[in-house]
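*Asks:* Here it is, the structure, as structure tokens.
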Amino acid sequence: MQFAKKKVEKPTDNPWKTLSTKEIYNNPWIQIRQDDIINPAGNKGIYGVVSFKNKAIGILPVDEDGYIYLVGQYRYTLNEYSWEIPEGGGPMNEAPIEAAKRELKEETGFVAAHWELLGRIHTSNSVTDEEGFLYLATGLTAGESEPEETEQLSVKKIHLKEAVELVMTGFITDSMSMATILMAARKLGY
């Protein structure tokens, strides 16, 4: 199915007004602030914003036969196990591609010869300003992984078609993984 390429305009007038801002929490990874605001209806209220101190980086490693490599880990925040693409954080002052190369090696051991930016994503734009970058990595060479002390990872090789099914049936729920898998599947014709 082909979609017509139409220009979609984004309005530039901001209907929100910030009256004041107060930092609520700050650690090496996130900062949380509370803003006193006037909402689009003209009513006073508050808005909480989580700002991350790194860019979100997601990588889909795909081999020449259409197989991908997912990383499984127990996610503390969810209190459940999650299968995802290799992901991590990249410092704000570093090019996202450099963080992507490091994260792929760290979590899977792979080094990729070819990199393509699939897109930019806002991970949960109702509560955070976090910006993510999604990459397709091909021309893979295997090596030793180097996980961080907070990562107890499993790596699973599955076909991209199967990964699409895992997204569509709700087995894969991580937003960056879902977006990257579906974008790559469309790009690669799966």
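Readers should treat all values here as calculations from the given coordinates under stated rules, not as data from a laboratory. Predicted model only: the values in this text are computed from it and were never measured. Note that we place each Cβ from the backbone using ideal geometry, even for glycine, and neighbour counts take in every protein chain shown.
*Asks:* Between Asn79 and Lys156, what length comes free when the chain is fully extended (0.36 nm per residue of separation minus the Cα-Cα distance, one decimal in nm)? Write down the numbers at each step before the final one.
*Replies:* Numbers: separation 77, 0.36 × 77 = 27.72 nm, distance 2.07 nm.
Here the segment from Asn79 to Lys156 would lengthen by 25.7 nm.
*Asks:* Quick check: from the Cα gyration tensor, does the stretch 110-190 come out rounded (a/c under 1.5), prolate or oblate?
*Replies:* Working: a/c = 1.35, a/b = 1.14, b/c = 1.19.
Rounded is the answer for the stretch 110-190, as its axis ratio a/c remains below 1.5.
*Asks:* Angle check, please: helix 175-188 long axis (alpha carbons) against the longest principal axis of the chain (alpha carbons), in degrees 0 to 90, nearest 10.
*Replies:* The answer is roughly 50 degrees.
*Asks:* Here's another thing I want to ask about it. Looking at the chain, send over the antiparallel percent of its DSSP beta bridges, to the nearest 5. The partial results should precede the final answer.
*Replies:* Values: 44 of 51 bridges.
Close to 85 percent.
*Asks:* Run through every distinct alpha carbon pair of the chain and return the Kirkwood hydrodynamic radius in angstroms, one decimal place.
*Replies:* Numbers: mean 1/r = 0.0543 Å⁻¹.
About 18.4 Å for the chain.
*Asks:* Scan around Ile37 for amide H atoms under 5 Å from its own, H built in the peptide plane at 1.01 Å from N, and keep only partners 5 or more places away or cross-chain.
*Replies:* Here Leu19, Gly45, Ile46, Tyr47 satisfy the definition.
*Asks:* Figure the gain on full extension for Lys53 and Asp65 (residue separation times 0.36 nm, minus the Cα-Cα span) and round it to one decimal in nm.
*Replies:* Working: separation 12, 0.36 × 12 = 4.32 nm, distance 3.67 nm.
Computed gain between Lys53 and Asp65 is 0.6 nm.
*Asks:* With θ set to phi - 60° and the Karplus curve 6.51 cos²θ - 1.76 cosθ + 1.60, what are the ³J(HN,Hα) couplings of the stretch 113-123 in order, to the nearest whole Hz, using x for Gly and Pro?
*Replies:* Values, residue by residue: 7, 10, 10, 9, 6, 7, x, 10, 9, 9, 5 Hz.
*Asks:* Please work out how much length the chain gains when fully extended from Asn14 to Asp35, using 0.36 nm per residue of separation minus the C-alpha to C-alpha distance, in nm with one decimal.
*Replies:* Numbers: separation 21, 0.36 × 21 = 7.56 nm, distance 1.53 nm.
Stretched fully, the Asn14-Asp35 segment lengthens by 6.0 nm.
*Asks:* Using +1 at the C-beta of Lys and Arg and -1 at the C-beta of Asp and Glu, which of Gly42, Leu188, Tyr81 has the Cα lying farthest in the positive direction of the dipole of the chain?
*Replies:* Of the listed residues, the answer is Gly42.
*Asks:* Sequence-distant or interchain residues sharing an amide H contact under 5 Å with Ser82, placed H: which?
*Replies:* Counting only residues 5 or more places away or on other chains, the set is Gln73, Tyr74, Arg75.
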